[in-house]
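The values are calculated or read from the model by the stated rules, or taken from the named source; none is laboratory data. Because the structure is predicted, anything quoted here is derived from the model rather than measured. Glycine also receives a Cβ, built like all others from the backbone with ideal geometry; neighbour counts cover every protein chain displayed. Surface accessibility is based on the protein's heavy atoms, side chains included, excluding ligands, DNA and RNA. Shrake-Rupley method; radii C 1.70, N 1.55, O 1.52, S 1.80 Å.
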Amino acid sequence: MEYVISLLGPLSQGALVTLKLFVITLALAMPLGLALALARVSRFRALARLVGGYIWLMRGTPLMLQMLFIYFALPFVPVIGVRFDDFPAAVVAFSLNYAAYFAEIFRAGIQSIDRGQYEGAKVLGLSYGQTMRRIVLPQIWPRILPPISNETITLVKDTSLIYVLALNDLLRAARGIVQRDFTTTPFIVAACFYLVMTLVLTWGFQYLEKRYAKYDA
């Protein structure tokens, strides 16, 4: 038991890195995903196709490959040549990747709204932007909460991929102790950390779903 307690300090430090990446990614990917979804359903076909191609690319290639490309290959791309440090590279890769997934969730929610509501808003003299902001978007949240919940929980687990950039996240911290002490106990404790984080998120989204269900009733 004393050994397990001694693990909490270094693993907590790794968990802070994991949570930092999680929070920043969520804060960037959600609004970007909404913007991409609005572009995806816009009347401008060229823009919609461009965004569709972006979503296809980000969803069709592994997140780890995207992260490695941004960190190692992007500095050598002609004209662009941007160089990121390890953590910013991870943030950019995760945000761009998850924005594509959130965009599809938002798009499905927007397209689930009955067309008659758009026509009613037009009769009331509302612009397209006002219709989206006042009528459509407030209605999609109860519908998209379950898939948003799934993607958010997946994000917590996907943060473990940043070990390839030598960032000292929760998994890398546990692996370092395993190699030092020749015991798998740190992996078990790390798994408990992940389970606690996903449990908190699960409870939070369940509360939101019940709250919206109460309003719908």
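Show me the ranking of peptides 14-20, 93-99 by mean Cβ neighbours inside 10 Å, starting with the highest.
Numbers: 14-20: 19.0, 93-99: 22.9.
Listed from highest to lowest mean packing, they are 93-99, 14-20.
Which of 14, 179, 91 sits farthest toward the positive end of the charge dipole of the chain, with +1 on the Cβ of Lys and Arg and -1 on the Cβ of Asp and Glu?
Value computed over the given set: 91.
From largest to smallest, what semi-axes in whole angstrom does the chain give when each is the square root of 5 times an eigenvalue of its alpha carbon gyration tensor? Walk me through the numbers on the way to the answer.
On the way: eigenvalues 291, 118, 23 Å².
Output for the chain: semi-axes of 38, 24, 11 Å.
GNM on the chain, C-alpha springs below 10 Å: top fluctuator among 130, 66, 13?
Highest fluctuation among the options: 130.
Charges only on Cβ, +1 for Lys and Arg, -1 for Asp and Glu: so what's the dipole of the stretch 31-133 about the Cα centre, in debye to the nearest 20?
Details: 10 positive and 5 negative charges, 88 e Å.
Charge dipole, the stretch 31-133, about its Cα centre: 420 debye, nearest 20.
Quick check on the stretch 112-217: take the gyration tensor over C-alpha atoms, sort the square-rooted eigenvalues as a ≥ b ≥ c, and tell me if it's rounded (a/c under 1.5), prolate or oblate. Display every interim value, and only then the final one.
Numbers: a/c = 5.99, a/b = 2.82, b/c = 2.12.
The shape class here is prolate.
Heavy-atom accessible area per residue, the chain, 1.4 Å probe: how many Å²?
Numbers: 12600 Å² over 217 residues.
Here the per-residue accessible area is 58 Å².
Please list 195, 8, 170 from largest to smallest accessible area, probe radius 1.4 Å, with all protein chains kept in place. Walk me through the numbers on the way to the answer.
Numbers: 195 115, 8 75, 170 0 Å².
Largest accessible area first, the list is 195, 8, 170.
Between residue 133 and residue 64, what is 0.36 nm times their sequence separation minus the Cα-Cα distance? Round to one decimal in nm. Display every interim value, and only then the final one.
Details: separation 69, 0.36 × 69 = 24.84 nm, distance 3.50 nm.
Difference between extended and current length: 21.3 nm.
What is the pair-distance distribution P(r) of the stretch 16-98, computed from all Cα-Cα distances in 10 Å bins starting at 0, with each bin given as a whole percent?
With 10 Å bins starting at 0, P(r) equals 18, 40, 35, 7, 0.
With just the Cα atoms defining each centre, how far is the stretch 118-146 from the stretch 4-31? Give it in Å.
Using only Cα atoms, the two centres lie 36 Å from each other.
Mind checking the dipole of the chain: about its Cα centre, +1 per Lys or Arg Cβ, -1 per Asp or Glu Cβ, Debye to the nearest 20? Numbers along the way, then the final one.
On the way: 20 positive and 12 negative charges, 169 e Å.
That gives a dipole near 820 debye.
I'd like the accessible area for residue 210: 1.4 Å probe, protein heavy atoms, all chains in place, Å² to the nearest 10.
150
Accessible area, 1.4 Å probe, largest first: how do 87, 44, 69 sort? Spell out each step's value before the answer.
Details: 87 35, 44 145, 69 100 Å².
From most exposed to least exposed: 44, 69, 87.
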